[in-house]
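Structure first, then comments.
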Amino acid sequence: MAKIKPLVIVESPAKIKTISRILGDKYKVVSSMGHLIDLPKSTLGVDVDNDFMPRFIVLRNKQKILTKLKKEAENKKEIYFATDPDREGEAIGWNLIPYIGEGKKVYRVTFQEITKEAVLKAFKNPREFNKHLIKAQVARRILDRIVGYKISPLLWKKVGSRLSAGRVQSVALRLIVDRERAILAFIPQEYWEVALDLRKPGLETILTAALERVDGEKPGLSNQAQVDEMVKEIRAVNFQVSRVTKKNITRKSAPPYITSTLQQDAFNKLGFSAMRTMTIAQELYEGIEVGESEPVGLITYMRTDSVNISKDAMGKVRDFISSSYGKSYLPEEPNVFKSKKSAQEAHEAIRPSSVSRKPEDIRSFLEEDQFKLYDLIWKRFVSSQMSLSVYENKKIEIQGGRFQLGASGSSLIFDGYLLLQQEQREEEVKMDFTPYHQGDALETLEVKPSQHFTKPPPRFSDASLVKALEEEGIGRPSTYASIIQTLVFRNYVNRERGYFRATELGMQISDLLVEYFSRIMDVKFTAGMEERLDQIEEGNLEHVVLLRDFYEPFKKELNHAMETIEKAQNFVDKHCPECGQQMVVKWGRRGKFLSCSGFPKCKYAQPFTSGIPCPVEGCSGELIKRRSRRGQTFYGCSNYPECTFTDSKLPEKASGS
């Protein structure tokens, strides 16, 4: 009689092939396709009066998958849950046990990389489910559900139908809205810089120096009159070299990637959105055939906030550096980096699963974007354990009366980790400082003032928003990409050339939430909530305590908002062509539109046009602001599909009108 194979459950179907080949025919590997069990979509699903007891159900669109899993588990004695190694993965597996694991031996296995060595080791050392992780995930899910289901109806009442609020996304929206308002309120300030072209008698070389101090203070030049007076004074002064200094500066490599830094670099260097980065990283993690006998995971788990490296990986990368680049590129002791206080120490940084698998060696097996991201991860990991780079910095200090000037340059003496991170090399200022000595007289050839204006703070990009979220403690590695995607999907922000601009709708939503739910919209409060969720994960806080502490003040804010907020009707000077009643401006998930004020009796609606005629000859339509699937804004004709005109901006004549 054939032995019954244990059942292995993974989240993604893409992992089945890779893990099946690693485990061989001793196990049956199937996928849960992510969450099967969750709170119901149609109701709150949380009993706030009974210790916030959640009512988890089988999702309607996942019934068939669960039926298949039940059938697979029917005659199995052992089930291994190999869902992702984080809170969410822990909860996904745990929630399935009542449906398919009753009366069976249940094991939890986790691995940071999908390689033969890591997977087999995990299956030799299974563990029990971590209930603290599960409680932390349940607490987060309940918090998000309470905020979303309690606040969203208020948005429908005040702003428009089918709008929604999210606990963490709303705070991220506030950051973008606050930045937009700072840009709109910004008043440029004038300032001036002064440079001098100098020459030492007997030399043809010109030395350009910047005015650094006046009477020991920064110049602080803010208008033309000040500059003209100072330039006149400078021309009458005799300058000489007061000091020449040289010193070596060392620079340490950056730590290996965590989720946030990978998303930032992938945007800055490759132009990838946060979601695009995580999609490609998932593919690299789950397994790709690269000419070996089986698909292999090329990187470790990509949702992490820890810069830790396993002892085994550390030993291998040090051996690789020594043999590939020479001992001068290998520090005596491994480079050590500190993770953030909140980082999950059980996780590793994002690194290649095998350092010997060089990007160029497997390029032919990868799609172009997969190669680019793998190359980024591989170089960052290897360079993180390479020697310091060494620069020689040189500076000439020049004095004349009450004016102090400076000229500096640098040259790279030893590249160290920059051998792999060449784009990080500072632009070397090649200057021959040899002819200059203390006391040398210098003649002034030209005084060159230049006018500048301060610039407003830049709009957030994927990279800078993720950085801000991380620095403020908002969200966690697994949430950054989904936060951004949600804001774009809801039309609260638009992507314009890679940068986020808050929409009119986004500003309305943010202002409303700040007015009525100041605690939830407070950055420090949200960060503190993340820390308390971490305390639940560590077993130092009961999740019900956190939920009670949150809900009582929230309920007071909610009741006040419900009593105060009135239905808004934004009438316009147009009448419904079907019933004659006045039209009103409404907001929906796709943006602003005009609706009959007689709704729901009259359901007439039309797009909100710009009032600018379509430039196509003979077309009677007007231009409408639209949004692509990726969140990019563009303008299209209201007569679409009869007229297919589109443009990324309004026509020049029209935009100025």
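The values are calculated or read from the model by the stated rules, or taken from the named source; none is laboratory data. Predicted, not measured: the structure shown is a model, and the values here were computed from it. For neighbour counting, all protein chains shown are included, and Cβ atoms are generated from backbone atoms with ideal geometry for every residue, glycine included.
Listed values, structure above:
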{"item": "Among residues of the stretch 265-284, those that are in a helix (DSSP H, G or I), small (Gly, Ala, Ser) and surrounded by fewer than 19 Cβ atoms within 10 Å (Cβ to Cβ), counted", "result": "0"}
{"item": "All positions within the stretch 253-275 that are among the charged types (D, E, K, R) and either at pLDDT below 95 or under 11 Å from the mean Cα position of the chain (by Cα) (or both)", "result": "ASP265"}
{"item": "Hits in the stretch 529-587 (condition: modelled with pLDDT under 90 and of a type in the set (Gly, Ala, Ser))", "result": "ALA568"}
{"item": "Filtered residue count, the stretch 387-410, keeping only those that are farther than 30 Å from ARG199 by Cβ and either of a type in the set (D, E, K, R) or in contact with a Gly (Cβ under 6 Å, 6 or more places away or on another chain) (or both)", "result": "3"}
{"item": "Wholly within the stretch 525-619, strands (runs of 3 or more DSSP E) carrying at least 3 residues that are buried (at least 17 other Cβ atoms within 10 Å of the Cβ) and out of contact with any Leu (no Cβ under 6 Å at 6 or more places or on another chain)", "result": "591-596"}
{"item": "Members of the stretch 310-346 that are modelled with pLDDT under 95 and either within 26 Å of the chain's Cα centre (by Cα) or hydroxyl-bearing (Ser, Thr, Tyr) (or both)", "result": "SER310, VAL336, PHE337, LYS338, SER339, LYS340, LYS341, SER342, ALA343, GLN344, GLU345, ALA346"}
{"item": "When residues of the stretch 205-227 are limited to those that are assigned to a helix (DSSP H, G or I) and touching a residue at least 40 places away in the same chain (Cβ under 8 Å), the one surrounded by the fewest Cβ atoms within 10 Å (Cβ to Cβ)", "result": "GLN224"}
{"item": "Odd one out for ASN75 among (1) without any contact (Cβ under 8 Å) to a residue 40 or more places away in the chain; (2) over 30 Å from SER152 (Cα atoms); (3) surrounded by fewer than 17 Cβ atoms within 10 Å (Cβ to Cβ)", "result": "(1)"}
{"item": "Residue, modelled with the highest pLDDT, within the stretch 464-478, restricted to residues that are in a loop (DSSP other than H, G, I, E, B) and crowded, with 22+ Cβ neighbours inside 10 Å", "result": "ILE474"}
{"item": "Test: residue in the stretch 357-367 that is of a type in the set (D, E, K, R), in contact with a Leu (Cβ under 8 Å, 6 or more places away or on another chain) and farther than 30 Å from GLU233 by Cβ", "result": "yes"}
{"item": "Single match in ILE187, ILE183 (criterion: farther than 30 Å from ILE483 by Cα and either polar (S, T, N, Q) or outside any strand (DSSP E or B) (or both))", "result": "ILE187"}
{"item": "Residues that are in a helix (DSSP H, G or I) and touching a helix residue (DSSP H, G or I) at 6+ places or on another chain (Cβ under 6 Å), drawn from the stretch 240-264", "result": "SER260, GLN263, GLN264"}
{"item": "Conditions (1) over 30 Å from the mean Cα position of the chain (by Cα); (2) part of a helix (DSSP H, G or I); (3) touching a residue at least 24 places away in the same chain (Cβ under 8 Å); number of the one not met by ILE92", "result": "(1)"}
{"item": "Condition check for TYR640: in a loop (DSSP other than H, G, I, E, B), of a type in the set (Phe, Trp, Tyr) and under 37 Å from the mean Cα position of the chain (by Cα)", "result": "yes"}
